[in-house]
Amino acid sequence: MSKKTTIVRGCLKSNKIIYKKNGMIVVYIKRKKTKIRYKMSEIEKKSETLFNEISETHTKIRKRKKKRPSAPVFKPYTQQQMLMLPPSLEELIPQEHMVRVVNKTIDGLNIEPLVATYKGGGSSSYNPLMLLKVLVYAYLTKNYPSRKIAKALREDVNYMWLSGMQKPDFRTINIFRSSRLKVVIDQVFGSMVEFCIANRYIKLENYFVDGTKIEANASKTSYVWSKNTQRYKETTQKKIKELLEHIEEVNRKENEEYGNRDLEELGKETTITSQKIKEQIEKLNTIINPKKAENRALKEIETKQLPKLERYEEQERLLDGRKSYSKTDIDATFFRMKNEQLLPAYNVIIGTENQFIVNYTIHQKASESDQFIRHFTKFIQTTGLTPKNVIGDAAYGSQENYAFLETYGLGNYLKYNTYHKEKTKKHKSDSYHKDHFKYEETTDQYTCPEGRRLVFNRTEERITDNGYQQVNRIYECLDCQGCPVSSLCKKGLGNRTISMNPQLERYRAQARANLASGYGITLRKMRGIDVEPVFGDIKMNQDYKRFRLRGKEKVNVEFGLLSMAHNIKKIALTVH
Ligand code: SF4
């Protein structure tokens, strides 16, 4: 075919090709090797017939290609099939299934403290061993609500096998979780730690500690702030005082006129409490004539101000030194979370080894440093054991924590808040930082870069929230007058002072040396892959970012069950 040829349409099956050439439309029938030429004017009439012809051929071929569908074949399905022997659930559970690991591990725990919570007499109870297994397996499989657990006990073969076909309802599960386990969960978990040690899953050599905040089951807007409570209380107290003074004034005038009966004054310096106000109202009621004007003031105190004062006192009691609490879960405190949201939450601190949880505690305050001793004391009390070394981030390196480690002879691998800062170039080159002042032990004096002496001036004491006493020694430069570098060294007008805590410095030096050693470097690296992935697993894999129950004790049960489930998962991974 020449280059001027333009193929319009062709069909291989019908062996027809239609193309344009020299102003003509040519239909080439390959089989017959004949060409039929049409003028362009004739095309309009012929083309329709030609294309229809080709299309018909196509349709015929397509129809020929279609196969007839074969008849479907189904596997035999007989619901009412009778079995010679009753089916066993045992056969339905694979040998390496997680539910078997849960069963075996819980069987190996000492649950005597749990059994001891049952009083004799009355109707029979579900076996606490079975309920504990069901709950731990439920937490392992992200099945947290009691109704869902009860449903699984009716429908899920794994739950049915675990419970021996028993079907406790959601109330029974809830009561067991919220009330029964509440008092013994720490002991049951302690038994699991012993189980892990006995089976060599953990050696209790290195204790990695860290904390995280988990949202509470409480409304985000149900906050009570301690500052507001304090302010409102003071306003109410002031108002009550003014009203009482007014009543006193009226009475005083009346007494001058009618007698010398007098009121017992609250006094300006006396703290006004709801109890004192009640006593005062009682006395005033005997004195004041109900028809008199001052009775209105007394009524206002009684009906309006006193309930307010009682409410603020109750709020103060519930705050218990915290900055806030939630009205829907009184034990929860508002914390700034990692996503910058202000949410009611609990501060959870855990200790791990080999990614096994060996201890956990629930706290209501944000500072992990202040909670460490409480956290670790629980571990010692529950297990009666102590690890060799304790490894933690800069949140834990405080003087009282270091002193605690020393008391129990534990390896100090706790970073302090300036650990990373003192390694920076800026710090190293800052010759006016107190760390770079030269100390002479014999004279107990420091020498500044300008060669002037700083002598001991006074001591300053600080008591921590836990009651630990810190003593800082303050040294003051003898004379900073005329120092050419004073703007680089100090801010105030007086002489430069530095605060030193020899005890804390000694602990820090110990921690610094331990952390810089070869083993210390290994432990620092391990911290990131030991304790932190555990929180990752709980929050992401277990999808546990918010507690389901309310109140610190119930939250403690929930995290205990989560920790047990986590450890069993680790056991399963180690075994298989
Ligand atoms: S300001 Fe005082 S302490 Fe600082 S370098 Fe000068 S003399 Fe020394």
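No lab work stands behind these numbers, since they all come straight from the coordinates. Bear in mind the structure is a predicted one, so any value in this text is a computation, not a measurement. Cβ atoms come from the backbone with ideal geometry, glycine included; neighbour counts cover every protein chain shown.
Could you state, as a whole-number percent, how many of the C-alpha pairs of the stretch 285-423 are farther apart than 25 Å?
Details: 4902 of 9591 pairs.
Across the stretch 285-423, Cα pairs with separations above 25 Å total 51 percent.
For the ranges 72-81, 507-516, 86-95, what's the packing order if you count other beta-carbon atoms within 10 Å of each residue, average per peptide, and put the highest first? Could the numbers behind the result be given before it?
Values: 72-81: 5.1, 507-516: 16.9, 86-95: 9.4.
So the peptides 72-81, 507-516, 86-95, ranked by packing, come out 507-516, 86-95, 72-81.
Suppose the Debye formula is applied to equal point scatterers at every Cα of the chain; what is log10 I(q)/I(0) at q = 0.07, 0.08, 0.12 Å⁻¹?
Here log10 of I(q) over I(0) equals -0.71, -0.81, -1.21.
Please state the charge dipole magnitude for the chain, taken about the Cα centre, from unit charges on C-beta atoms (+1 on K and R, -1 on D and E), reported in debye and rounded to the nearest 20.
Values: 104 positive and 68 negative charges, 1530 e Å.
Value, rounded to 20: 7340 debye.
Rounded to the nearest whole Å³, what is the per residue volume of the convex hull around the Cα atoms of the stretch 345-497? Could you put the intermediate results ahead of the total?
Working: hull volume 26.0 nm³, N = 153.
Taking the convex hull of the Cα positions in the stretch 345-497, it is 170 Å³ per residue.
Which order do H420, H363 fall in if you start with the one that has the fewest other Cβ atoms within 10 Å? Before the final figure, lay out the partial values.
Values: H420 11, H363 20.
The order, fewest Cβ neighbours first, is H420, H363.
Using amide H atoms built in the peptide plane, which far-off residues or other-chain residues are under 5 Å from I357 H to H?
N567
Give the separation of the Cα centroids, the stretch 383-454 to the stretch 95-138, in Å.
Taking the Cα centre of the stretch 95-138 as reference, the centre of the stretch 383-454 is 48 Å away.
Could you state the angle between the C-alpha long axis of helix 40-65 and the longest principal axis of the C-alpha atoms of the chain, as a value from 0 to 90 degrees rounded to the nearest 10?
70 degrees
Please report Rg over Rh for the stretch 437-501, where both radii come from the alpha carbon positions and Rh follows the Kirkwood definition. Don't skip to the answer; put the middle values down first.
Values: Rg = 13.7 Å, Rh = 12.9 Å.
My calculation puts Rg/Rh at 1.06.
The stretch 196-229 to the stretch 509-576: how many Å between their Cα centroids?
10 Å
With an 8 Å Cα cut-off and a minimum separation of 6 or more residues, compute the relative contact order for the chain in percent. Working shown, then result.
Details: 719 pairs, mean separation 87.3, N = 576.
Computed value for the chain: 15 percent relative contact order.
Measure nothing fancy, just the Cα-based angle from helix 368-383's long axis to the longest principal axis of the chain, in degrees from 0 to 90, nearest 10.
Here the helix axis deviates by roughly 80 degrees.
Return the distance in nm (one decimal) between the two label points of a simple spin-label model at I521 and Y77, each offset 7 Å from Cα along Cα→Cβ.
Roughly 6.6 nm, to one decimal.
With a Förster radius of 45 Å, plug the Cβ-Cβ distance of L488 and D320 into 1/(1 + (r/R0)^6) and report the FRET value to the nearest 0.05.
Efficiency at R0 = 45 Å is approximately 0.50.
Determine, for each peptide in 211-219, 26-34, the mean count of other beta carbons within 10 angstrom over its residues, then list the peptides with the highest first.
Details: 211-219: 20.1, 26-34: 13.0.
Final packing ranking: 211-219, 26-34.
Angle, helix 128-140 long axis vs. longest principal axis of the chain, Cα atoms, 0 to 90°, nearest 10?
With rounding to tens, the tilt is 60 degrees.
Using just the helices of the chain, give the 222 nm mean residue ellipticity in deg cm²/dmol: DSSP H runs with n ≥ 4 each add -39,500 (n - 2.57), and the total is spread over all residues, rounded to 500. Intermediate values should be presented prior to the final figure.
Values: 21 runs with 253 residues, N = 576.
Only helices count here, giving -13500 deg cm²/dmol.
Can you pick out the pairs among K338/K423; K133/K220; K415/K525; K239/K283 whose Cα atoms lie more than 24 Å from each other?
Numbers: K338/K423 26 Å; K133/K220 34 Å; K415/K525 13 Å; K239/K283 19 Å.
In this structure, K338/K423; K133/K220 lie more than 24 Å apart at Cα.
Of the peptides 96-104, 557-565, 111-119, how do they stack up when ordered by the mean number of other Cβ atoms within 10 Å, highest first?
Numbers: 96-104: 18.0, 557-565: 24.4, 111-119: 13.4.
The densest-packed peptide leads the list: 557-565, 96-104, 111-119.
Once you have the Cα-Cα distance between T418 and E91, take 0.36 nm times their residue separation minus that, and quote the gain in nm to one decimal.
Details: separation 327, 0.36 × 327 = 117.72 nm, distance 5.98 nm.
Stretched out fully, the T418 to E91 stretch lengthens by 111.7 nm.
With N set to the residue count of the stretch 405-559, report its C-alpha Rg divided by 2.2 N^0.38 Å to two decimal places.
Working: Rg = 22.1 Å, N = 155, 2.2 N^0.38 = 15.0 Å.
Cα Rg divided by the expected 2.2 N^0.38 Å: 1.48.
Count neighbours as other Cβ atoms within 10 Å of each site's Cβ, and list the GluC sites (Glu not before Pro) in the stretch 424-467 that are DSSP loop with at most 11 such neighbours. If you can, show how the numbers build up before the last one.
Numbers: sites: E440, E441, E450, E460, E461; in loops: E441, E450.
When the GluC sites (Glu not before Pro) of the stretch 424-467 are filtered for loop state and at most 11 Cβ neighbours within 10 Å, E441 remain.
Report the one residue of Q481, G451, Q469 whose Cα lies farthest in the direction of the positive end of the charge dipole of the stretch 437-501 (charges on C-beta: Lys and Arg +1, Asp and Glu -1; origin at the Cα centre).
So the residue we want is Q481.
Over the stretch 90-183, with a single point scatterer placed on each C-alpha, what log10 of the ratio I(q)/I(0) does the Debye formula yield at q = 0.15 1/Å?
-0.57
Below 17 Å, Cα to Cα, which aspartates and glutamates can K545 reach? Residues fewer than 8 away in the same chain don't count.
D210, E215, D329, E340, E532, D537, E558
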